[in-house]
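Step one of this worksheet: look at the structure below.
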Amino acid sequence: MTSRFLASILVATLGLSLSACGKKPETSNGELVIKIGSVSPLTGPQSHLGKDNENGARLAVDELNAKGVMIGGKKARIELLSEDDAADPKTATIVAQRLIDEKVAGVIGHLNSGTSIPASKLYSDAGIAQISPSATAVKYTAQGFKTAFRVMTNDAQQGRVVGTYAAKLGKKIAIIDDRSAYGQGLADEVEKAAKAAGAEIVAREYTSDKATDFTAILTAIKGKDADVIFFGGMDPQAAPMVQQMKRLGITAQFLGGDGAQTAEFLHLAGADGEGVIASNPGLPLASMPGGQAFEQKFTAKYGKIQNYSPYAYDAVMVMVGAIQRANSLDPKLSLAELEKTDYSGVTGKIRFDPKGDLAGGNVTLYQVKNGQWVPLETVKSDGQ
Amino acid sequence: MDIFLQQLINGLVLGSVYALVALGYTMVYGILELINFAHGEVTMIGAMVALSVIGALVGHVALPGVVIVAMGVLVAVPVCMLLGFTIERVAYRPLRHAPRLAPLITAIGVSILLQNLAMIIWGREYVKFPPILSSATHQVAGATISDLQIFILVLSLLIMAGLVALVQKTKLGRAMRATAQAPQVAALMGVNVNSVISLTFIIGSAIAAIAGVMVAAYYGLAHYYMGFMLGLKAFTAAVLGGIGNLAGAMLGGLLLGVIESLGAGYIGDITGGFMGSNYQDVFAFFVLILVLVLRPSGLLGEQVGERA
């Protein structure tokens, strides 16, 4: 008798806890909950950039909650579920599945192209919209998934601008990439554009996104008298690379992509960073329509902006905007609305082309002068 | 020729740091037959502690850069010694007679724990090594070598020589060698095995702290994640030279550095662009596989009977 009684209690509690796990989108006080996923590397060498993205998204969520969001006549609260993919493609698919199981309304992420691409297949199968604030590899939106969007200019557009610029700086160009989907993709596009502009690629070297020693490949490049060294990769590699160039007596102009155009790069490279040129999709923060206001709000709460947080902020706004217009938590309806996005955000005008790429983005080139990134010129990408 | 010399110098500097960290792996393995996977993290903690001290001093005291760095090292070394002692006491000693897999797993656990602890204390950002050391360079037969590189190379060799002298010439060294050969017999002969093992961890951790500061100074930065790859490479170096063997760890470290450097520098030209510097790590690990297949005990594994 007692054992049966115990068993029934067990079954009852199990049933209760299971139903508690069943994602009811409504809390006890009748408030709707909109779950938005955010994925970026929160551990590992790129965790400073990952935290920056999460903070950008969180700022947007907090503001929206403070303002109050209504869905279908009911008050809704946005909940940000932040996951760590450690910039690792395998982990990315695991956390993507976790978010899908949590029935999120949309995902802001991932930070890297290498993680966004494998995860995009899962989101597409689940019919959940994904907006990457910072994945720039062409492949991300070229796979035919209707759920993959980005709010940043892609590598084909950026690579064209940087490659053409590199050919203007010198005729002998050496290219290094970190073998990540982003670094390799950008370096390939730069190589193509530089060759088209009449430059010669004297060396193509490779490293990894965890390396700190580049003396071997830099010495090999030194032997080939390059005028320009382009690096496709992130700031934790770019900064020691620049220092090692100086130490080896290499005088070639160092050129980087958006992964190197960060506050962290300036901090780490110090005086050795002087004169470095790097590109970043979009406008400089100071020239962004909402740049200064964003910087004030962000720094008051989280400290220095690393790089992509304004894009993560806009991505949340665009995502929630679509859900609000759909007036429903059904991902199918909000996805249809997302395609029609026409939003003036912190980073500029956000509209998507049929592939999910940002329509008509800009690319800006910056140079380090007196320890600051100074915009050199902004090139309009060909608005495809 | 100057390019070759440059690659050789790069490789030797890199290799001497690998060798220093590899010593810690090999000393522990020699005595306990345990691979202390947390050793890379001890190196990282050494760099982080030293950088905290250096960061606090720079700009506030009017001392030469070398003195400030030395003060950082003077704080980092005891901290790491205490850390090494604690790790052994807490994570390995209770498992000394457990199956060999158990301490291996706690080693990995300690490594993850230290990484995350460092992330909480020092944050996710890279910690910059202030540019207070001389960055002057010298031209040697067409190759460039900096003061820092010379310093790292010389100090590494001194530490290695000191350790060899300690193990071969002192009473403590004899106790270490005895414990390595037969712990029970050593205990019967009056050797306090527990304190010998503790001292092994303490010495290895002190060397790791110095290696950590060197790496941070050389690359200009430190990060809570830096111990992972460094530890892996140093472990490879230790195995390459014959794990458990001091001279083997030094040889393995220097060799691995030179192989990596020359491999990355020349593989593209040798294979006509078919293979590039992306094979840098493959090259190093390929040599490791070759050594393990042909000489499973490592390069110097068998020639020297005594381990410590």
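The values are calculated or read from the model by the stated rules, or taken from the named source; none is laboratory data. Keep in mind that this is a model prediction, so the values were computed, not measured. Glycine gets a Cβ as well: all are built from the backbone with ideal geometry, and neighbour counts include every protein chain shown. Ligands, DNA and RNA are stripped out before the accessible areas are found, and what is left, the full protein with its side chains, is counted by its heavy atoms. Shrake-Rupley method; radii C 1.70, N 1.55, O 1.52, S 1.80 Å.
Counting protein heavy atoms only and a 1.4 angstrom probe, how many square angstrom of accessible surface do chains B and A bury in total, to the nearest 100?
That pair of chains buries around 2700 Å² in total.
Once you order the gyration tensor axes a ≥ b ≥ c over the Cα atoms, which shape class does the stretch B:38-178 get: rounded for a/c under 1.5, otherwise prolate or oblate by comparing a/b with b/c?
Oblate shape, in that a/c is at least 1.5 and b/c is the bigger or equal ratio.
Could you order the peptides B:214-220, A:355-361 from most to least packed, using the average number of other C-beta atoms within 10 Å per residue?
So the peptides B:214-220, A:355-361, ranked by packing, come out B:214-220, A:355-361.
What order, most packed first, do the peptides A:66-78, A:34-46 have when packing is the mean number of other Cβ atoms within 10 Å of each residue?
The densest-packed peptide leads the list: A:34-46, A:66-78.
Using the Cα atoms of the stretch B:127-211, I'd like the radius of gyration and the largest Cα-Cα distance, Dmax, both in angstrom.
19.0, 59
Partner chain Cβ atoms within 10 Å, averaged over the residues of B:130-140 - can you pull that number for me?
1
When we measure straight from the Cα of A:Lys168, which aspartates and glutamates land under 17 angstrom away, once same-chain ones fewer than 8 places off are left out?
Partners within reach: A:Glu189, A:Glu191, A:Glu200, A:Asp225, A:Asp227, A:Glu377.
Provide the FRET efficiency to the nearest 0.05 for the B:Leu104-B:Ala161 pair, computing r from the beta carbons and using R0 = 41 Å.
Efficiency, from the Cβ-Cβ distance: 0.85.
Mind ranking B:124-131, A:251-258 by how tightly packed they are, going by the mean number of other C-beta atoms within 10 angstrom, highest first?
Highest mean packing first, the order is A:251-258, B:124-131.
Just the ratio, please: alpha-carbon radius of gyration of chain A over 2.2 N^0.38 Å, N its number of residues.
1.07
Give, as ranges by residue number, the residues of the stretch B:165-183 whose backbone N falls under 11 Å from the point 7 Å along Cα→Cβ of B:His97.
Taking a point 7 Å out along Cα→Cβ of B:His97, no residue of the stretch B:165-183 has its backbone N under 11 Å.
Where Lys and Arg each count +1 and Asp and Glu each count -1, what net charge lies around A:Tyr366 among other residues with Cβ under 15 Å from its Cβ?
Once positives and negatives cancel, what remains is -4.
Which residue, B:Met189, B:Met250, B:Met44, tops the fluctuation ranking in a GNM of chain B built on C-alpha contacts under 10 Å?
Fluctuation is largest for B:Met189.
Lys/Arg Cβ at +1, Asp/Glu Cβ at -1, dipole of the protein assembly as shown taken about the Cα centre: which of A:Leu255, B:Leu148, B:Gly272 is farthest positive-ward?
The residue sitting most towards the positive pole is B:Leu148.
Accessible area per residue of the stretch B:251-305 at 1.4 Å probe, in Å²?
Using a 1.4 Å probe on heavy atoms only, each residue of the stretch B:251-305 averages 53 Å².
Considering only A:Tyr182, A:Tyr140, A:Tyr206, give the residue with the highest GNM mean-square fluctuation for chain A, with springs between Cα atoms whenever their separation is below 10 Å.
Judging by the Gaussian network model, the answer is A:Tyr206.
When all C-alpha to C-alpha distances in the stretch B:183-224 are sorted into bins of 5 Å, what percent of pairs does each bin hold, rounded to whole numbers?
Histogramming the stretch B:183-224 at 5 Å steps yields 6, 20, 16, 14, 11, 10, 8, 7, 6, 2 percent.
How large is log10 of I(q)/I(0) for the protein assembly as shown at q = 0.05 Å⁻¹ when the intensity is taken from the Debye formula with one equal scatterer per alpha-carbon?
The Cα Debye sum returns log10 ratios of -0.27.
State, to one decimal in nm², a quarter of the convex hull surface area for the C-alpha atoms of the stretch B:69-144, i.e. the direction-averaged projected area.
Seen from a random direction, the Cα hull of the stretch B:69-144 projects 8.8 nm² on average.
Share of the protein assembly as shown's accessible area from carbon and sulfur, percent, 1.4 Å?
63
On average, how many beta carbons from a partner chain sit within 10 Å of the beta carbon of a residue in B:276-286?
Counting other chains' Cβ atoms within 10 Å and averaging over B:276-286 gives 4.
Describe numerically, in nm with one decimal, the distance between label points set 7 Å from Cα along Cα→Cβ at A:Gln372 and at A:Glu339.
For the pair A:Gln372/A:Glu339, the computed spacing is 4.5 nm.
Over the stretch A:29-174, what portion of Cα pair distances is larger than 25 Å, expressed as a whole percent?
That tail contains 35 percent of the Cα-Cα pairs.
Return, for the Cα atoms of the stretch A:244-384, the radius of gyration and Dmax in Å, separated by a comma.
Over the stretch A:244-384's Cα set, Rg and Dmax evaluate to 18.0, 61 Å.
Mind listing the Cα extents of the stretch B:86-127 along all three principal axes, in Å, largest one first?
Principal-axis extents of the stretch B:86-127 (Cα, largest first): 40, 17, 12 Å.
How charged is the neighbourhood of B:Ile9? Take every other residue with its Cβ under 15 Å from the Cβ of B:Ile9, and add Lys/Arg as +1 and Asp/Glu as -1.
Taking every Cβ under 15 Å from that of B:Ile9, the sum is -2.
Take A:Phe352, A:Phe230 and sort them by solvent-accessible surface of the protein heavy atoms, 1.4 Å probe, largest at the top.
Final ranking, largest accessible area leading: A:Phe352, A:Phe230.
Amide H neighbours of A:Ser132 under 5 Å, counting only residues 5+ apart in sequence or on other chains, H built in-plane at 1.01 Å?
Residues meeting the amide H criterion: A:Gly109, A:Phe149, A:Arg150, A:Val151.
How big is D for the stretch B:153-266, in µm² s⁻¹ as a whole number, if Stokes-Einstein is applied with the Kirkwood radius of its Cα pairs at 4 °C and 1.567 mPa s?
Rounded, D is 82 µm²/s.
Kindly express, to the nearest 10 degrees and within the range 0 to 90, the angle between helix A:113-126's C-alpha long axis and the longest C-alpha principal axis of chain A.
Around 30 degrees separate the two axes.
Kindly report the accessible area of the stretch A:35-193 per residue (heavy atoms of protein chains, probe 1.4 Å, no ligands, DNA or RNA), in Å².
Solvent-accessible surface per residue comes out at 30 Å².
So if we plug the beta-carbon distance of B:Val58 and B:Val193 into 1/(1 + (r/R0)^6) with R0 = 35 Å, what FRET efficiency do we get, rounded to 0.05?
With R0 = 35 Å, the Cβ-Cβ based efficiency is 0.20.
Residue by residue through the stretch A:220-233, which ³J(HN,Hα) values in whole Hz follow from phi under the Karplus form 6.51 cos²θ - 1.76 cosθ + 1.60 (θ = phi - 60°), with glycine and proline marked x?
Coupling constants for the stretch A:220-233: 4, 5, 4, x, 10, 6, 6, 8, 9, 10, 9, 10, x, x Hz.
Return the ratio Rg/(2.2 N^0.38 Å) for the stretch A:138-249, where Rg is computed over Cα atoms only.
1.11
Just counting partner chain Cβ atoms within 10 Å, what average do the residues of peptide A:241-250 show around their Cβ?
If you average over the peptide's residues, the count of other-chain Cβ atoms is 4.
Treating the Cα atoms of the stretch A:247-312 as identical point scatterers in vacuum, please give the log10 of the normalised Debye intensity I(q)/I(0) at q = 0.14, 0.16, 0.24, 0.25 Å⁻¹, two decimals.
-0.50, -0.62, -1.12, -1.18
Over the Cα atoms of the stretch A:100-140, what Rg and Dmax result, in angstrom?
In order Rg, Dmax, the Cα atoms of the stretch A:100-140 give 9.6, 29 Å.
Select from the stretch B:205-238 all residues whose loss of accessible area on going from the chain by itself to the full protein assembly reaches 10 Å² or more (probe 1.4 Å).
By number: B:Tyr218, B:Tyr219, B:Gly220, B:Leu221, B:His223, B:Tyr224, B:Tyr225, B:Met229.
Which whole-Hz couplings ³J(HN,Hα) result when phi for each residue of the stretch A:171-176 is put into the Karplus expression 6.51 cos²θ - 1.76 cosθ + 1.60, θ = phi - 60°, listed in order with x for Gly and Pro?
8, 9, 10, 10, 10, 10
For A:Leu376, which sequence-distant residues (separation of 5 or more, or a different chain) have an amide H within less than 5 Å of its own amide H, given hydrogens modelled in the peptide plane?
Placed amide hydrogens put A:Leu365, A:Tyr366, A:Gln367 under 5 Å from A:Leu376.
Percent of alpha carbon pairs in chain B separated by more than 24 Å?
54
Under 5 Å between amide hydrogens, which residues at least 5 positions from A:Gly106 or on another chain qualify, with H placed 1.01 Å from N in the peptide plane?
Residues meeting the amide H criterion: A:Gly37.
Given the rule -39500 (n - 2.57) for each run of at least 4 DSSP H residues, summed and divided by the residues of the protein assembly as shown, what is its mean residue ellipticity at 222 nm, to the nearest 500 deg cm²/dmol?
-18500 deg cm²/dmol
So for the stretch A:210-276, considering every pair of alpha-carbon atoms, how many percent are separated by more than 21 Å?
13
Determine ³J(HN,Hα), in whole Hz, for all residues of the stretch B:218-231 in sequence, where each value follows from phi through the Karplus function 6.51 cos²θ - 1.76 cosθ + 1.60 and θ = phi - 60°; x replaces Gly and Pro.
5, 8, x, 7, 9, 8, 4, 9, 5, x, 5, 5, 4, x
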